[in-house]
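The values are calculated or read from the model by the stated rules, or taken from the named source; none is laboratory data. Because the structure is predicted, anything quoted here is derived from the model rather than measured. Glycine gets a Cβ as well: all are built from the backbone with ideal geometry, and neighbour counts include every protein chain shown. The protein model used for the area step is the full one, side chains on, heavy atoms only, and it has no ligands, DNA or RNA in it. Shrake-Rupley method; radii C 1.70, N 1.55, O 1.52, S 1.80 Å.
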2 protein chains.
Amino acid sequence: MSKQAASRTVLDLNSDTPCCQPLAQRRVPAETAAVLAPAFKALGDPVRLQLMSMIASAEGGEACVCDLTPAFDLTGPTISHHLRTLREVGLVDAERRGTWVYYRARPAILRQLATLLAVEPTTTS
Amino acid sequence: MSKQAASRTVLDLNSDTPCCQPLAQRRVPAETAAVLAPAFKALGDPVRLQLMSMIASAEGGEACVCDLTPAFDLTGPTISHHLRTLREVGLVDAERRGTWVYYRARPAILRQLATLLAVEPTTTS
DNA sequence: TCTCTGGTTAGACGGGCGTCAAGACAGGGT
DNA sequence: ACCCTGTCTTGACGCCCGTCTAACCAGAGA
């Protein structure tokens, strides 16, 4: 949190306090949907979903762009564009250390999304 | 539980058996991402996210279109279009009973998505 | 059967998204 | 200081998405 961050005002999605109840328990209000939908939309691209997974599951919790880019059959700018999309919705955070840029996942917002999708283990049938 | 399960033509998103491990534990393969991304994309629209919530949290587990449509400032065909999107990715199921059409949530795929986004409760910071 | 209501489908339009090539920027090495 | 490597930004292009109006289809009721 040293640099200017994403300057996107991601609300409280990055906090650990749950922003909302599970989707199946209470109807999600319009304002909440307007804030959470972009995060799901960001994960709605196969490349970004893989990028998110590679970053979140990386050793030490961070992944270098130099490791992410060659994993796809896409150009560098395209990967950079997808990474920026993930950053703008608060799913990842970027940090430049020397030559390379490292991306780190933000588990808080992932928890928010997972909580929203949570379903009762035994709901009728 | 090897990666062989992903070699299927279509992942069984409607089964209760988890299709994959959490996104932050293991890198999600391309085929899995290609199947799951559309589901996230479907939830990436505020209207569809609210529709999904209204259906999943409805009494009796199902919601009538006649109750869904007036909740938005959109035309009937637009709501119908969004509902079809949710149906095509397997998030909901539609059934016509008499005059009205009822939509029902599919908790299995919701569980799949929630599992994918699951994060260790106490990992690092 | 005819008609009325509710819901979906078809067609179209404007805006946004994914992708690339080319240029700009940041740091390190010589 | 210069260049070289690595990454991000810009501008552009084509496709897809969200929305609408108009037309079509399925049941219920008379």
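Distant-in-sequence amide contacts of B:V101, defined by a placed amide H-H separation under 5 Å and a gap of 5 or more residues or a different chain, comprise B:V65, B:C66.
Each residue, B:R87 and B:E59, gets one label point 7 Å from its Cα in the Cβ direction; the gap between the two is 2.5 nm. Residues of region B:21-48 with an amide N closer than 18 Å to a point placed 7 Å from the Cα of B:L74 along the Cα-to-Cβ direction: B:38-48.
For the residues of B:26-36, the average number of beta carbons from a partner chain within 10 Å of their own beta carbon is 5. Each residue of region B:31-40 was assigned a 3J(HN,Hα) from its phi angle through the Karplus curve 6.51 cos²θ - 1.76 cosθ + 1.60 (θ = phi - 60°); the sequence is 5, 4, 4, 5, 8, 7, 4, x, 5, 5 Hz, with glycine and proline shown as x. Counting from the shortest, the label point at B:Q25, 7 Å from Cα toward Cβ, is 2.3 nm from the same position in each remaining copy.
Can you run phi through the Karplus equation (6.51, -1.76, 1.60; θ = phi - 60°) for region B:53-69 and list ³J(HN,Hα) in whole Hz, with x for Gly and Pro? The phi angles translate into 5, 5, 6, 5, 9, 6, 5, x, x, 9, 9, 8, 4, 5, 8, 6, 4 Hz.
Evaluated with a Cβ-only charge set (Lys, Arg +1; Asp, Glu -1), region A:30-117 carries a dipole of roughly 140 debye about its Cα centre, given to the nearest 20.
Report, please, the projected area of region A:30-117 averaged over directions, based on the convex hull of its C-alpha atoms, in nm².
On the way: hull surface 23.5 nm².
With the hull built on Cα positions only, its mean projection is 5.9 nm².
A label point on B:S80, set 7 Å along the Cα-to-Cβ line, lies at 4.6 nm from each of its counterparts in the other copies, closest listed first. Rolling a 1.4 Å probe across all protein chains gives A:R27 an accessible area of roughly 120 Å².
Sorted shortest first, the distances from the A:G98 label point to those of the same residue in the other copies are 7.2 nm; each point sits 7 Å from Cα along Cα-to-Cβ.
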